[in-house]
Amino acid sequence: MKTHSLIAIACGATLSLAALAPAHAAVDADAAQSLAKKNDCFKCHAVDKTKKGPSLKKIAAKYKGKPDAQEKAIKNITTGPKVKLEDGTEEDHKIIDTKDQAQIKNLVDWILSQ
C-alpha cells in the first residue's frame, strides 16, 4: 500500500471518529442568568464588578486553564462550603436550589465563560 493511501485512510478514520464524538452543547446564557437570579447569586456577585463576593469574571479567571474548573465550581455551588468574602469575613456559600445537573452545569459553564 502506498503512503498516500495510508494517509488517506488514517485521515478518514480520524474524521469518522470526530463525527461520533459528542458535541459540547453551547451555553444557554438566558437560562443560566435566570437560575442565578432565582437563587440570588447577583446579591453577592456581578459579572464584571466586585460586590460582597468576587465578580464572575474574576471567578472565571481563577479557574481559566484548569482541567478541574467545572468540577470545582459545581462543588462550590452545590455543597455550601465556607467562602472568604471580599471584606475578609467568611460565610457558608449558598447552595443552588436545583437538582437538575444540566442546569447546574450550564450555570457553571456560563460563569466560567465570562
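Before moving on, here are some points about what is shown:
- Sequentially through segment 54-71, phi angles give Karplus couplings (6.51, -1.76, 1.60; θ = phi - 60°) of x, 5, 5, 5, 5, 5, 4, 5, 4, 9, 3, x, 8, x, 9, 4, 4, 4 Hz, Gly and Pro residues having no value and appearing as x.
- Principal semi-axes in Å for segment 55-113 [√(5λ), Cα gyration tensor, largest first]: 18, 16, 9
Read-outs: derived from the displayed coordinates by stated rules, not from any lab. Everything quoted here is computed from the prediction, not taken from an experiment.
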